[in-house]
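> Next up is a structure, given as structure tokens.
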Amino acid sequence: MRHPAAAAAVEGTLMAQVAIADLLRVIAAVPGWRERGSNGVRLVYDGSRLVLSTADRPDEVLARASTRGHATEAWELTMYATSLPGVRVWLSSLDGEQLVDVSPFWAGTPALVVFTASGGHMTFPVIDCPSAPARRRAFTGGADG
């Protein structure tokens with residue numbers, strides 16, 4: 001059974017569908033802690049691709065992946081880079097050609113990012129979600145957790 005946040009995010013209008021192999025390539029482009037300067041990893045979905053940058057250098061594109069499946073509304077979020085190793089391990093166990101849904105979700109505070117594939121999901125709090133309603137944008141724990 002899916003977590004309620006994962007089910008609601010998938011049923012909502014804001015979702016990017018990316019091949020697992022492509023998302024793993026994007027995640028691999030996240031620089032190490034010393035090179036990052038912050039714990040934030042920025043994901044922007046423009047309706048046709050998912051673009052990765054760091055929170056401290058939002059205009060410096062580190063990686064991008066074309067999306068597959070249906071197009072939805074654009075969204076933007078900044079998640080904790082420390083969440084990515086768990087995502088990487090989980091995705092590595094799946095078929096790389098399958099699609100993974102990457103979705104912001106803000107039914108409450110904090111806003112979440114939900115990764116859904118093969119009937120499973122992973123959910124993480126985000127640092128900021130500009131596409132969320134104003135009162136639900138930021139995680140109250142601060143930019144570095």
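> Amide H to amide H under 5 Å from Ser131: which residues, 5+ apart in sequence or cross-chain, H placed 1.01 Å off N in plane?
Those lying under 5 Å, H to H, from Ser131 are Glu76.
> Ok, one more. Report the GluC sites (Glu not before Pro) located in segment 53-125 that are in a DSSP loop and have at most 14 other Cβ atoms inside 10 Å of their Cβ, or state none. Spell out each step's value before the answer.
On the way: sites: Glu60, Glu73, Glu76, Glu97; in loops: Glu60, Glu73, Glu97.
Within segment 53-125, the qualifying GluC sites (Glu not before Pro) (loop, at most 14 other Cβ atoms within 10 Å) are Glu60, Glu73, Glu97.
> Name the residues whose placed amide hydrogens come within less than 5 Å of the amide hydrogen of Thr72, ignoring near sequence neighbours (fewer than 5 apart) on the same chain.
Under 5 Å from the amide H of Thr72: Met15.
> Just to confirm a number: summing +1 for Lys and Arg and -1 for Asp and Glu over residues other than Leu94 whose beta-carbon lies under 13 angstrom from that of Leu94, what do you get? Please report the intermediate quantities before stating the final value.
Details: positive: Arg88; negative: Asp22, Asp95, Glu97, Asp101.
Charge balance in the 13 Å sphere: -3.
> Hey, if we sort Ile20, Ile127 by accessible area with the 1.4 Å probe, largest down, what's the order?
Values: Ile20 0, Ile127 25 Å².
From most accessible down to least: Ile127, Ile20.
> Give me the 1.4 Å probe accessible area per residue for segment 60-137, excluding ligands and nucleic acids, in Å². Show your work: numbers first, answer last.
Working: 3490 Å² over 78 residues.
Ligands and nucleic acids excluded, the figure is 45 Å² per residue.
The values are calculated or read from the model by the stated rules, or taken from the named source; none is laboratory data. Note that the structure is a prediction, hence the values are computed from the model and not measured. Note: ideal-geometry Cβ built from the backbone for every residue, glycine included; neighbour counts use all protein chains shown. Heavy atoms of the whole protein, side chains included, go into the accessibility calculation; ligands, DNA and RNA do not. Shrake-Rupley method; radii C 1.70, N 1.55, O 1.52, S 1.80 Å.
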